[in-house]
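Colleague: I'd like to ask you about the structure that follows.
Nothing in this text is a laboratory measurement; each read-out follows from the coordinates by a stated rule. Quick caveat, the model's predicted, so the values are computed rather than measured. Counting neighbours? That spans all protein chains shown, and the Cβs are built from the backbone with ideal geometry, glycine included.
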Amino acid sequence: MTISLAFNPGKRRTFRALAFFGLTLLMVGCIVGCAQQPTIPTAAAIPTDTPAPSVAAVASTSDSTPQSPGTQEPEQRWGDKAIGSDKVSVAFYRDTVGAPCVRYLADMPGARGVSRCSSEADPTVIAIQGSETDSAGAVYTIIAGRVLKPAVTAVSIEFDDGSNSPADIRDGGFALVMPGKHHAVRAVPIDQFGNLVGSKYTFK
């Protein structure tokens, strides 16, 4: 007995359509699944912690300033002395390296200020001298100084002609105004008993 297998043309087309539809779904599913696979980050894409700045990378503040080698002292006015019809002002200060200084300035037209700072390590006296002409035309010699040891109670000013003149201490300083021109050579600091304190100061 022979069995004949024959397909209806209509069923054949339906079978082909179903097969094509199934294949299409399979391809679409594969594409979607592949597209959804997680991306493995590369080493370059992995963020790292930001390192802390090193000591060398920390900038110094802009308002930092270097310190001076000594203590600078603002000018302190000691007092005034009459010079004829005018006056002379005496002041104390310290320079940028901490050396004690003295200055005088005559209050008259054309007057030049005179100042000096000590170069000694442990000075007892620092003094200056000069000559000025007042507004009436008279010439005066000005000697001013600063005492740096409390034991000093007076200073004797020695002149090149062998004479001397005492200068009393007030508020750590002294000043002499003498008519005419004179040249001081030494200032001798003494205590209340007349003894020398420290060393004699030689005028420059």
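Colleague: Just the ratio, please: alpha-carbon radius of gyration of region 73-202 over 2.2 N^0.38 Å, N its number of residues. Intermediate values should be presented prior to the final figure.
Modeller: Details: Rg = 14.3 Å, N = 130, 2.2 N^0.38 = 14.0 Å.
For region 73-202, the normalised Cα radius of gyration is 1.02.
Colleague: With each pseudo-label sitting 7 Å past Cα toward Cβ, what's the residue 200-residue 119 distance in nm, one decimal?
Modeller: 2.0
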